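First comes the structure, then the notes that go with it.
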Amino acid sequence: MTSSEKRKVITPPRVSIPIGPQHPALKEPGMFKLTVEGERIIDAEVNIGYNHRGIEKLAEQKTFTQILYLVERICGICSATHNGNFAQASEFAAEVDIPDRAKFIRTLTWELERIHSHILWLGVAFHEVGFDTAFMYTWRDREVVMDMLEDLSGNRVNYAMNTVGGVRRDVSDDLKQRHLKGLDHLEERMEYYRDTAIYEKTFWDRINGVGMLPTSVAKSTSAVGPTARGSNVPVDVRFNDPTMAYVNLRDSGEFDMILSDRCDIAGRAVVRVLETIQSIQMCRWLLNNLPDGPIRERVRPRIQPNEVLARYEAPRGECIHYLITNGTDKPDRLKIRAPTHANWVSMAHTLRGGYIADAPITLAAIDPCFSCTDRVAIVDSKDESMELVTLDTLRVRANKWYAENPRRVA
Amino acid sequence: MMQINLLTELVFPALWILFFPGIFFITFLALLWEWMDRKVYARLQNRMGPLHTGWRGILQPLADFLKLVGKEDLTPKRADKRSFAAVPVIMLILSILLCMFLPIVDLNPAPGVQGILSFEGDLLIVLFISTLMAILIVLGGYFSSSPYAQTGAARTGMLLISFEIPLIIALITPAILTGSLSISTIMNTMLGTGGGSGLSLAYGWLLIIPFIVYIISLQAELERIPFDVSHAETEIVHGWQVEYSGKKLAMIHMAEDILLVFGAGMATTLFLGGPFLLELIPLPIFQEFGLFMASNWFGALYYTLVFMFKSALVILVLANMRTLFARWRIDQIVRAGWKVMVPIALFNMLLIQIVLNLVFPAIGVV
Amino acid sequence: MMGFLQRLINKARLKSPYVFHFNSGSCNGCDIEIVAALMPRIDIERFGMKLVGSPRHADVMLVTGPVTEQIKERLQRIYDQMAEPKFVVAIGSCACSGGVFRGGYNVLGGVDQAIPVTAYIPGCPPKPSAITFGAYKLLEVLAEALGVAPPKKEEVEKIPEPVEVQVEEVEA
Amino acid sequence: MPSLGKMERELLKSARSKQATVIYPFTKEGLNVPPDLRGKWVYKNPNNCTGCKICERVCPSDAIEMIECRPEDVQTRTGFRPICHFDRCLLCGQCVESCPRDVLELSDEFEMAYLSRDDMVIY
Amino acid sequence: MSDAESEIRPAPREDQYKEEYALFDSLMDELSDYAISSESYVHKQPRRLFIQIKPESIRDVVQYMLDTYDLWQLSTLSGRDLGDDLQACYHFFFNDKKIAITFRLNVPREKPEYPSITDLVPAAEFVENEIRELYGLVPVGHPKPRRCELPENWPDNEFPLRKDWEDPRGLMERSKTTGPKPKEEL
């Protein structure tokens, strides 16, 4: 060191790390390119589209009844979301008012689905940080709500409960009693998770102060769902733009939007757990106040020309179906915006500045659902773009190495 | 004369090394412990674990091992092929070698037991080899030249620098107490069996802190939850072993299981009194019993069972730890290592020195 | 001797199939049900099955979803990465034939359009127990092919009832 | 407050209590299979069938195909009868609901696994 | 769908739609330079406004709304093929007023370009890329235009969601398989 000019500032090499598209942390194909300096993430890019199935095009060739089952298969976790939301969109378009009992049963399905989805998320969050025991427990308790849904609809996942003009299955008294019992059990378990499980220190250390999403950023990136509510942004379609029995639930005055001002993953976790308990109470209220009457109204297969924007608060956030009908039994255009899609931009923000090790839990914190998103999503062009940054030749080789095909030594 | 020598100096030791407390027995224990670990893990998670393979799935680890042996062995194109293949072999050999130092049972009719390999200073060799294992893991990760494997290797390195030190300090504590660097001498001295004077119970409580430090560091050394960052499945797939398959993977799994045997065995040997149970009670009749056992053939059986029992207890604790926690981030682990474990271990050393040199002479404990 | 070893290994193969899960554009329902099969209710680990994250460690690949154009190459590459002997199970209607996505411009329609498939488990999605049943059936078929006995029922019946039920049961 | 080992009590509790596991392929107790499960497709009442093709039309995934009645089948009025390509079936139950004469049914059988797609056509 | 007129189902001016009409009237006043009032209306479904604007004025409108009303939730952007024109609909949601508002703009099919709003509303990044991919509607000035969405081998000038998109390679028939592909073709 003779002169100060010769001194070099040593910065860690910038390396581009791909996560996915096939990765154990992601149960679905999606790809995230993280640019890292040492262990810190300095940039994140989302590349999805491995799941693009062209549902919007398919929808234009099917009748309304068939689309109900098609949109149900957009996402296996929020199937009642899309199914019910499309059903209500077609009802709005046909300008029919469905019976109250149908509204209640549809809302009940939605809320049960929210319970199962949030418990699932909690389990996945535990899994992402290697807390497999709590993962097992949450999923064991999730079986209770799965059983309830199976009891109600005849299938564990794709419920096919809704039809244009009402619901397909009724709630008998027996079923109601079984559901009330199951709800009691679930509430007890969820209180345990609320009070104990998420405060296990090793878990809490991984979610506390990680993946910060300040309120202003959450607003400017239009985050939705628990992601936004965990950052103290009051976005909840159930209370802002209620449809179906949510009007009655809101008028009952017993329920209010759940917000947290923590702005980190812990905030999102707490919001989800509390929302699960709220949903359990909502289900109980719905079951206890279930009105009598028919469960469906006949709607003619051809729906008059109309355009409607149906919104519903899915477990992950706001789900939008923009339906344009043209007087035939097939829609002119169906645009679906799944909640995860609205959260990508905010998620890229939460990843920046964090550790690589936190990437899976941060990704999971928005409860990403690629299958929801990918009818509309983004795809990376070529593997070449992986070369964008790097100094360390070994690491470059390692990154490109995954592009080799085939990789077997004969 | 030559004939007898051949038998006692060649055949018996060979059998000794190959079968009874040697490779065969160690492998058996390794499979047993893995089964137990998995069963306890499953049971605490309110499920069953392996069930349809043998009695309650007891043959499951063996089935896994055999299946992996029978599978196709792939080598990634980009990997450094020879080193890539060498790592699992060296790992397996070294882990078996480590277990050779465990005093379980021996042919010597005198009181006290010795390992198959046992000499003054073997504790240092053991510490050296156990550090070498971590370095092997790092090498294995780098030789497979996959980003996940390299990240896993880097994390293993971080783990090594943060938890190797408390581990070593914890293991050195009994050596300080007894003034010996031979594993079997330490154990026998502490019990008063190996011809030494024996440590009274007044010394026993001094081992509690190092025991806890050892168990936690062992969990880190074995890369189990909450320290499983180097093969965290949701973060970096299988970490450093992601590219291994077939026989190599079988060897790696076996080496990991054998390390479990070794870890539990060291805890048993240095902190829990080794293969002795009743002799620990300082009454003349039990001392007689100890002498009787040491001079009889079924003493070997007794020693083995006691050793297995105590190791099983350690495995239970380890399995419970694995169930109880989430995985820590690497920086949190390093922080825990340097800010908590190392100070505790050092404080314990200080405490022992004070107690041995100031307190005991003052109150008259020998 | 070699024959004996081979038989032993064949038997071991049946007892410890490591599964690897690949989503080729599915709706997530099947994926969640596969994970649910690992959970306490069904606990597929009873058969020695383990969900592994790397195709190199796996024996059986569970594929869900109609194969989209984008994922096809990945699927084939991952299939090549698996070590022999390997099996592919198509789970769910979409993986069997394309299901409701037949006629989509970006869908190949069924896993068997990209890689060879050993077994099909229909259902939308199949229940976790149905997945277990499918896996068990696959094991039986393999056992027949390899000339060894499948997992037996007798082994199960020996298991005594779990002791003392002090805490309330899990099922509501 | 967050602290280490919060769940230890729960662990010991579940270790003592009954496992949640159902030993499934050998027993079905505890699976809670509801009677009106949407399971395997069945051509239940062939005598009622008129071969009107409504089920084929409503099926969202073209799983139902109308074939000409084979000699061993019950002959319908139009001479066609439905078969189900079960590899495409979504188990949604729309065909059952749309059928005017209660011909079809989704049974509660859910154990299905096939080795070839040819086996998956249900007659 | 040829006649877009028939889809317009305005709500009657009744008490039920008081808030909607209040906002609608004030907006039509304030945005009179940009909006086309003949195609803007309050929908019969509660809390829905549809406002047709001139394509080049989208940035001004959004800027005005952001400044005046603190409009921050972009719900989505949907495209539509009207035959001669392509339509882009920006769906916003007012969280304070609890009203969903849709700004629509028609762009001629020959030159489907309009200004991007991604720099004003960061949330529009993904949806604008997506509409470019599926409809060929180009938001000019998008900060991160990427080849997105469709498979890598998809040609540049084919937009699958346009009504006149024909299936040149038989892709839609391809997926209607009835049996496994023969081994040699895999």
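Using the crude model of +1 on Lys and Arg Cβ and -1 on Asp and Glu Cβ, and no other charge, please compute the dipole size for region B:71-363 relative to its Cα centre, in debye to 20. Around 620 debye, computed over region B:71-363. Taken residue by residue and averaged, Cβ atoms of other chains lying within 10 Å of the Cβ of A:202-215 number 3. Placing unit charges on the Cβ atoms of the charged side chains and taking the dipole of region A:247-315 about its Cα centre, the candidate lying farthest along the positive direction among A:Q304, A:M257, A:N288 is A:Q304. Taking 4 °C and 1.567 mPa s as conditions, region E:65-157 diffuses translationally at an estimated 92 µm²/s according to Stokes-Einstein applied to its Kirkwood radius (Cα pairs).
When the pairs A:K181/D:K53; B:K339/C:K50; B:K310/D:K13; A:K201/B:K248; C:K15/D:K44 are compared against a 32 Å limit on Cα-Cα distance, A:K181/D:K53; B:K339/C:K50; A:K201/B:K248; C:K15/D:K44 fall above it.
Taking the charge dipole of region C:2-157 about its Cα centre, with +1 at Lys and Arg Cβ atoms and -1 at Asp and Glu Cβ atoms, the residue from C:T132, C:N10, C:G104 reaching farthest to the positive side is C:N10. Note that region A:154-160 has calculated 3J(HN,Hα) couplings of x, 8, 7, 10, 8, 6, 6 Hz, one per residue in order, obtained from phi through the Karplus relation 6.51 cos²θ - 1.76 cosθ + 1.60 (θ = phi - 60°); glycine and proline are x. The mean number of partner chain beta-carbon atoms within 10 angstrom of a residue's beta-carbon across peptide E:75-86 is 4.
Residues A:R114, E:R59, E:R132 in ascending order of nearby Cβ atoms (within 10 Å, fewest first): E:R59, E:R132, A:R114. D by Stokes-Einstein for region C:1-75, Kirkwood Rh over Cα pairs, 37 °C, 0.692 mPa s: 236 µm²/s. In this rough spin-label picture, where each label sits 7 Å from Cα along the Cβ direction, the B:I58-A:L180 distance is 5.0 nm. Within the straight-line cut-off of under 15 Å between alpha carbons, the aspartates and glutamates reachable from E:K98 are A:D236, A:D241, A:E313, A:E318, E:E19, E:E20, E:D70, sequence neighbours fewer than 8 places apart in one chain being disregarded. Divided by 2.2 N^0.38 Å, where N counts the residues, the Cα radius of gyration of region B:71-363 comes to 1.07. Its Cα centre serving as origin, the protein assembly as shown has a Cβ charge dipole (Lys and Arg +1, Asp and Glu -1) of approximately 2020 debye.
Dividing the radius of gyration of the alpha carbons in region B:1-129 by their Kirkwood radius gives 1.07 for Rg/Rh.
Relative to one another, the C-alpha centroids of region E:10-81 and region A:290-340 are positioned 22 Å apart. Residues A:T350, A:T63, arranged from fewest to most other Cβ atoms within 10 angstrom of their Cβ, appear as A:T63, A:T350.
FRET efficiency for the D:S98 to C:Q6 pair, using the beta carbon distance and R₀ = 56 Å, is estimated at 0.50.
Scanning chain C for DSSP H helices at least 24 Å long along the axis (C-alpha atoms) with a Kyte-Doolittle mean no lower than 0.0 picks out C:128-146.
Which of D:Q75, C:F47, B:Y142 sits farthest toward the positive end of the charge dipole of the protein assembly as shown, with +1 on the Cβ of Lys and Arg and -1 on the Cβ of Asp and Glu? Checked the options; the winner is B:Y142. Helix E:18-30 and the longest principal axis of the Cα set of chain E meet at an angle near 90°. Relative contact order of region E:4-165, taken over Cα pairs closer than 8 Å and 6 or more residues apart, is 17 percent. Rounded to the nearest 10 degrees, the angle from helix B:342-354 to the longest Cα principal axis of chain B is 10 degrees.
Legend note: in chain D, cysteines whose Cβ sits 4.7 Å or more from every other cysteine Cβ are D:C49, D:C52, D:C59, D:C69, D:C84, D:C89, D:C92, D:C99.
Inter-chain Cβ neighbour count for E:99-109, averaged per residue, equals 1 (cutoff 10 Å, partner chain atoms only). For chain B, the longest principal axis of the alpha carbon atoms and the long axis of helix B:246-271 meet at an angle near 20°.
For region E:4-165, take every pair of Cα atoms, bin their distances at 10 Å starting from 0, and report each bin as a whole percent. Answer for region E:4-165: a P(r) of 10, 39, 34, 14, 3, 0 percent.
Taking Cα centre as origin and charging only the Cβ of basic (Lys, Arg, +1) and acidic (Asp, Glu, -1) residues, the dipole magnitude of region C:2-157 rounds to 160 debye.
By the beta-carbon count within 10 Å of each Cβ, the least crowded to most crowded order of A:Y137, C:Y136, fewest first, is C:Y136, A:Y137. Label positions at B:F128 and E:E158, each projected 7 Å from the Cα along the C-beta direction, are separated by 6.8 nm.
Taking 25 °C and 0.890 mPa s as conditions, the protein assembly as shown diffuses translationally at an estimated 75 µm²/s according to Stokes-Einstein applied to its Kirkwood radius (Cα pairs). Take C:70-80, B:349-359 and order them by the average number of nearby Cβ atoms within 10 Å per residue, most first; the result is C:70-80, B:349-359.
Only the coordinates and a few stated rules stand behind these numbers; no lab work does. Remember, predicted model here, so these are calculated numbers, not experimental data. Every residue, glycine as well, gets a Cβ built from its backbone with ideal geometry; the counts of neighbours run over all protein chains shown.
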